[in-house]
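Read through the structure below, which is laid out as C-alpha cells, and then see the notes.
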Amino acid sequence: MRKTTPSQDFIRGIWNENPVLIQMLGLCPALAVTNSVKNALAMSAATFFVICCSSVLVSSCKRFIPNEVRISAYILVIATFVTLADMLLQAYAPVQHKELGAFIALIVVNCMILGRQEAFSAKNNVYRSLLDAIGTGIGFTIALVMMGGFREILGTGSFLEYSLFGANFEPWVIMVLPAGGFLTLGFILLAMGFVEQRKKTKTTLTAEQSP
C-alpha cells in the first residue's frame with residue numbers, strides 16, 4: 001500500500017477521492033435524499049457519525065478480528081452505530097428522520113463506509129483511521145449539500161426553506177423528484193469534467209510553449 005502522510009489521509013477523501021463525485025460510492029442516499037439541504041445535512045451527519053465511530057472501533061480492535069470473519073465483523077460494527085444514529089435522529093430531528101425513512105438503515109450497506117474499513121482502518125492506527133474517516137465524511141457532506149442546495153433552489157425556489165425568488169418563481173418540480181437527483185449529479189460531473197479538461201489543455205499548451 002502506498003505510504004501517505006496524515007494530511008494526505010485527511011485531504012484525500014474531501015476532494016481527490018471524493019466518495020460521491022470521484023469514486024461514485026454512496027450514490028443511493030446521494031440521489032434519494034438530496035431533494036432539500038436539511039435532508040442532505042441530516043443524512044450527512046448520520047453517515048459522518050457512523051464512519052468515524054466505525055473507523056475508530058475497527059482500527060482499535062483489528063488485532064482481535066479473525067481474517068475469515070472480518071467483513072461480517074465490520075458490518076456488525078457499522079450496524080451498531082447506524083442504530084445509534086437512527087435513534088439520535090428520531091429523538092432530535094424527527095421531521096428529517098421521517099423524511100429519510102429507510103435510507104438511514106441503508107447506511108449499513110453503504111460501500112463507502114465498508115470500503116474504508118477494509119481498505120484503511122483495518123491496516124492503520126486509530127489516529128490515521130480517524131483522519132481518513134473525517135476527510136471522507138466531509139467529502140460526502142460536501143457532495144450531498146451541493147446536490148441538495150442545487151435541487152432545492154431550482155425545485156422550490158428556496159434555500160433551507162428561505163424563499164429566494166419570490167412568489168412569481170415557477171419551480172422546476174422535476175428537481176425534487178428522483179429524476180432530479182440524476183440530473184443534478186450529471187450536471188455536477190459535467191462541470192467537473194469541463195474544468196479538469198480545461199486544466200489539462202492549459203498544462204499541455206504551457207508545456208508546448210516553454211523552451
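Evaluating 6.51 cos²θ - 1.76 cosθ + 1.60 at θ = phi - 60° for every residue in the stretch 114-129, the Karplus couplings come out as 4, x, 5, 5, 6, 7, 10, 4, 6, 10, 10, 6, 4, 4, 5, 5 Hz, glycine and proline recorded as x. For the chain, the longest stretch holding no trypsin sites (Lys or Arg not before Pro) located in a DSSP loop with at most 15 other Cβ atoms within 10 Å is which? Result for the longest clean stretch: 4-211. In order along the stretch 100-110, the phi-based Karplus estimate (6.51 cos²θ - 1.76 cosθ + 1.60, θ = phi - 60°) of 3J(HN,Hα) comes to 6, x, 5, 5, 5, 4, 6, 4, 4, 9, 5 Hz; Gly and Pro are listed as x. Taking other residues whose beta carbon is less than 15 angstrom from the beta carbon of VAL145, and scoring Lys, Arg as +1 and Asp, Glu as -1, yields 0.
Which of the three applies to the stretch 6-209, rounded, prolate or oblate, going by the alpha-carbon gyration tensor with a ≥ b ≥ c and a/c under 1.5 meaning rounded? Provide the component values of the computation, followed by the final result.
Values: a/c = 2.54, a/b = 1.21, b/c = 2.10.
Since a/c reaches 1.5 but b/c is at least a/b, the shape of the stretch 6-209 is classed as oblate.
Among residues other than ASN125 with Cβ under 12 Å from its Cβ, the summed charge is +2 (Lys and Arg +1, Asp and Glu -1). Classify the stretch 1-107 as rounded, prolate or oblate from the Cα gyration tensor: take a ≥ b ≥ c as the square roots of its eigenvalues, call it rounded if a/c is under 1.5, otherwise prolate when a/b beats b/c and oblate if not. Verdict is oblate for the stretch 1-107.
Scanning residues 5 or more positions from PHE159 or on other chains, those with amide H under 5 Å from its amide H are LEU164, with H placed 1.01 Å from N in the peptide plane. Each other residue within a Cβ distance under 14 Å of SER158 adds +1 if Lys or Arg and -1 if Asp or Glu, for a net charge of -1.
Rounded, prolate or oblate: which fits the stretch 139-190, taking a ≥ b ≥ c as square roots of the Cα gyration tensor eigenvalues, rounded meaning a/c under 1.5, else prolate when a/b beats b/c?
Because a/c hits 1.5 or more and a/b fails to exceed b/c, the stretch 139-190 counts as oblate.
Computed from backbone phi, the HN-Hα couplings of the stretch 74-80 come to 4, 5, 5, 4, 4, 4, 4 Hz, rounded to whole numbers (Karplus: 6.51 cos²θ - 1.76 cosθ + 1.60, θ = phi - 60°; Gly and Pro given as x). Taking 14 Å as the straight-line reach from the Cα of LYS200, the aspartates and glutamates in range (excluding those fewer than 8 positions away in the same chain) are GLU208. When only Cα pairs below 8 angstrom with a gap of at least 6 residues are kept, the stretch 6-209 shows a relative contact order of 33 percent.
Only lysines eight or more places from LYS62 in sequence, or on another chain, were considered; those with a Cα closer than 16 Å are LYS123.
Read-outs: derived from the displayed coordinates by stated rules, not from any lab. Since the structure is predicted, the reported quantities are computational estimates derived from the model, not experimental observations. Note that we place each Cβ from the backbone using ideal geometry, even for glycine, and neighbour counts take in every protein chain shown.
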